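The values are calculated or read from the model by the stated rules, or taken from the named source; none is laboratory data. Note that the structure is a prediction, hence the values are computed from the model and not measured. FYI the Cβ positions are ideal-geometry reconstructions off the backbone, even for glycines, and counts take in every protein chain you see.
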Amino acid sequence: MNIVIVDDEREIADLVEVVLQQEGYRTHTFYDPVEALAHIEHTPDVDLAILDVMMPVIDGFALCAAIRRKHTYPIIMLTARTEDIDKITGLGIGADDYITKPFNPLELLARVKAQLRRRMTYDTVRPPSADILEMRGLTVNRAEHTVRLYNEPIALTPTEFDILWLLCERCGTVVSSEEIFETVWKESYLDSNNTVMVHIRRLREKLKEPSRAPRIIKTVWGVGYKIEK
């Protein structure tokens, strides 16, 4: 597994590198986001990226957005700031997870493993009959990790795919934000958590849904979300 680490704080970057290398991961560490972007644009075999938010020239948000224009592998953001708006911004441009500094290296490692496990799930061959869902113009193939809307391919991150698959699998049933979060992230849900809402918004944008009257993913106010049959 190849992991890109980008942080202009050398001590932090080196700590993350050591922790991951001890687990057998191959790391590519950059203290300069410009150099990191050049590497990412010319390296197809990246499996996950860990990006600091506050960096000179190119910050983590801009770097995340640049990655998402071409790639769907998981992205974990690191930041010393704890404001919700920063988390919402990061998730809104395509990040899959968000960790604030200072962090426990074991927690970071656990989150890395969780994201890679999710990514590897879709590289495993499965019986096709159980892994293709079709509804409302959508074709979602879990074995191939692909989504098509009226036969047009839609590029989703692993987290976005997990949410869409859950909603499709539960088609016609309202799925609460709490259930979505605990199923996809496998963590306890907090009432103040906006993570699901941000990812739903990103999904709707990629599915070309009108913001005021979404046709595919419906909001049931005060309850959750559903895809109707």
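Being at pLDDT below 85, under 19 Å from Trp165 (Cβ atoms) and among the small types (Gly, Ala, Ser) is the requirement here; does Ala130 meet it?
yes
This table checks each residue for (1) surrounded by fewer than 14 Cβ atoms within 10 Å (Cβ to Cβ); (2) closer than 23 Å to Arg69 by Cβ; (3) out of contact with any helix residue (DSSP H, G or I) (no Cβ under 8 Å at 6 or more places or on another chain).
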position: Leu166; (1), (2), (3): no, no, no
position: His199; (1), (2), (3): no, yes, no
position: Arg202; (1), (2), (3): no, yes, no
position: Gly222; (1), (2), (3): yes, no, yes
**Prompt:** Based on what the data block shows, is Val57 at pLDDT 85 or above, surrounded by fewer than 17 Cβ atoms within 10 Å (Cβ to Cβ) and either out of contact with any Asp or Glu (no Cβ under 7 Å at 6 or more places or on another chain) or under 25 Å from Tyr25 (Cβ atoms) (or both)?
**Reply:** yes
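May I ask you to list the residues in region 77-92 that are aliphatic (A, V, I, L, M) and crowded, with 23+ Cβ neighbours inside 10 Å?
Met77, Leu78, Leu91
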**Request:** Tally the residues that are buried (at least 17 other Cβ atoms within 10 Å of the Cβ), aliphatic (A, V, I, L, M) and either at pLDDT below 85 or not in a helix (DSSP H, G or I) (or both), restricting the search to region 115-127.
**Result:** 0
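Here is a check on your reading of the model: is Val112 closer than 26 Å to Lys186 by Cα, part of a helix (DSSP H, G or I) and in contact (Cβ under 8 Å) with a residue 24 or more places away in the chain?
yes
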**Item:** Selection count where residues are in a helix (DSSP H, G or I) and without any contact (Cβ under 8 Å) to a residue 60 or more places away in the chain, scope region 12-63
**Value:** 19
**From the options Lys186, Lys218, residue that is in a loop (DSSP other than H, G, I, E, B), in the same structural domain as Leu133 (by TED's automatic domain parsing) and among the charged types (D, E, K, R)** = Lys186
